[in-house]
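Only the coordinates and a few stated rules stand behind these numbers; no lab work does. Quick caveat, the model's predicted, so the values are computed rather than measured. All Cβ positions, even for glycine, are placed from backbone atoms using ideal geometry, and neighbour counts span all protein chains on display.
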Amino acid sequence: MLDKTFWFSSPAKINLFLHVCGRRLDGYHNLQTLFQLLDYGDKIGLTLNKSSKITLKHNLDDVNFDDNLVVKAAKLLLPFKAQEKFGIEIDIQKSIPMGGGLGGGSSNAATVLKALNILWGCNLREQQLAELGLGLGADVPVFINGRTAFAEGVGDKLFNTEQPEKYFLVATPNVHISTQQIFTHEALPRNTEKLDFNLYNFANTKNDCEKLVCKLKPEVAYLVDRLLNYAPSRMTGTGSSVFAMFETHEQASNVIKHLPENASAFVAKGMNVSPLQSELDRIVQ
């Protein structure tokens with residue numbers, strides 16, 4: 001397998017809802033959410049070599065090598081690597097907008113953890129990978145899990161579910177949202193009553209961060225208002241991406257032309273299982 005590049009999926013996610021149910025003693029928040037995976041995302045290329053080093057084929061602009069989540073993910077597996085001192089070159093083909101609340105960096109890290117676990121012969125269980133990944137970001141475990149799931153805690157307690165595989169128009173304005181700023185802001189609601197997941201439907205949920213983000217970023221508010229004219233719509237995560245939910249790809253695609261020119265957009269289908277698992281199964285066989 002030396003010098004052969006293996007390509008793996010790194011899907012985006014949206015939060016169909018996000019409830020903030022209280023602040024913990026450690027400063028983090030108790031959350032409830034529903035992670036919906038999308039059939040749209042980045043691609044991660046991994047090439048084993050004899051260098052014994054971790055390298056990036058292309059580094060992201062404005063991101064130091066040691067701060068890149070895929071590099072951090074690979075380093076976490078070094079103590080578990082089989083005796084062969086094979087290095088790895090990592091290539092990232094980005095499609096997921098950065099900073100939109102779509103989980104791009106976390107998804108990339110999870111893909112590297114799951115794929116290198118096999119390529120390096122680490123033989124860690126999925127739960128062990130999730131525990132390692134949580135140190136990189138609260139969203140990494142859901143991508144390790146690879147299934148649409150309800151989540152509690154800081155987003156790490158997962159309960160797999162299946163949702164209707166609808167089509168989503170995801171639009172991202174050209175603004176940056178600081179997750180830390182939102183979760184430390186005094187105006188963020190923190191007392192939403194816990195939801196019984198068995199009673200979930202989209203209409204009886206919300207995104208507790210949306211009102212605050214819309215106040216701070218009028219571009220997000222404008223997108224939410226615009227999309228609500230066409231379909232049930234909501235901000236994902238702490239923003240800045242906004243999604244609208246449709247029954248068909250055609251319905252979603254037809255709305256793109258009504259969006260402001262400074263917003264990027266794509267249409268994706270929701271999926272209950274990540275394609276990454278079947279890709280990993282093929283390299284094991």
Note to self: Tell me the Kirkwood radius of region 1-104: reciprocal of the mean inverse pair distance over distinct alpha-carbon atoms, in Å.
What the structure shows: 16.1
Checklist line | Selected from LEU102, PRO173, LEU132, residue furthest toward positive end of dipole (the chain; charges at beta carbon) | finding: LEU132
Check: Where the only charges are on Cβ atoms (+1 Lys, Arg; -1 Asp, Glu), what is the dipole of the chain about its Cα centre, to the nearest 20 debye?
Finding: 280
Next item on the list: Within 10 Å of each residue's Cβ, count the other Cβ atoms and sort SER51, SER107, SER253 from fewest upward.
Entry: SER51, SER253, SER107
Item checked: Residue among GLN277, SER253, VAL71 farthest towards the positive dipole end of the chain, charges placed on Cβ -> VAL71
Checklist line | Extension reserve of the GLU84-GLU193 stretch, reckoned as 0.36 nm per residue once the Cα distance is removed | finding: 34.1 nm
Next item on the list: Could you go through region 243-249 in sequence order and give the Karplus-derived ³J(HN,Hα) for each residue, using 6.51 cos²θ - 1.76 cosθ + 1.60 with θ = phi - 60°, rounded to whole Hz, and x for Gly and Pro?
Entry: 10, 10, 10, 10, 7, 10, 4
Checklist line | For region 75-154 and region 195-226, distance of Cα centres in Å | finding: 28
Note to self: Explain nothing, just compute: Karplus ³J(HN,Hα) = 6.51 cos²θ - 1.76 cosθ + 1.60, θ = phi - 60°, for every residue of region 128-143 in order, whole Hz, x for Gly and Pro.
What the structure shows: 5, 5, 5, 5, 5, x, 4, x, 8, x, 5, 8, 4, x, 5, 7
Next item on the list: Please report, in Å, the Rg and the Dmax of region 14-61, where both are computed over Cα atoms only.
Entry: 18.7, 49
Next item on the list: Give me the distance between the Cα centres of region 169-183 and region 5-72, rounded to whole Å.
Entry: 16
Notebook entry, point to check: How do the peptides 9-22, 120-133 rank, highest first, by the average count of neighbouring beta carbon atoms within 10 Å per residue?
Noted result: 9-22, 120-133
Check: Using only helices, what value at 222 nm comes out for the chain when you add -39,500 (n - 2.57) per DSSP H run of length 4 or more and divide by the total residues, to the nearest 500 deg cm²/dmol?
Finding: -8000 deg cm²/dmol
Next item on the list: Using the Karplus curve 6.51 cos²θ - 1.76 cosθ + 1.60 with θ = phi - 60°, work out ³J(HN,Hα) for each residue of region 24-30 in order, rounded to whole Hz, and write x for Gly and Pro.
Entry: 8, 5, 7, x, 6, 10, 7
Notebook entry, point to check: Once amide H atoms are built 1.01 Å from N in the peptide plane, which residues 5 or more positions from LEU56, or in another chain, come under 5 Å H to H?
Noted result: ILE90
Item checked: DSSP-loop GluC sites (Glu not before Pro) across region 178-254, with at most 11 other Cβ within 10 angstrom -> GLU186, GLU193, GLU247
Note to self: Skipping prolines and chain starts, which residues have an amide H placed within reach, meaning under 5 Å, of the one on ALA12, given they are 5 or more residues away or on another chain?
What the structure shows: LEU38, TYR40, GLY41, ASP42
Item checked: Order of PHE243, PHE168 - criterion: other Cβ atoms within 10 Å of each residue's Cβ, fewest first -> PHE168, PHE243
Item checked: Distant-in-sequence amide H partners of VAL273 (H built 1.01 Å from N, under 5 Å) -> THR148
Note to self: Is there a quick way to get the dipole size of region 167-271? I mean about its Cα centre, with the Cβ of Lys and Arg at +1 and of Asp and Glu at -1; what is the value in debye to the nearest 20?
What the structure shows: 100
Next item on the list: Net charge near TYR230: determine it from the other residues with C-beta under 14 Å of the C-beta of TYR230, scoring Lys and Arg +1 and Asp and Glu -1.
Entry: +1
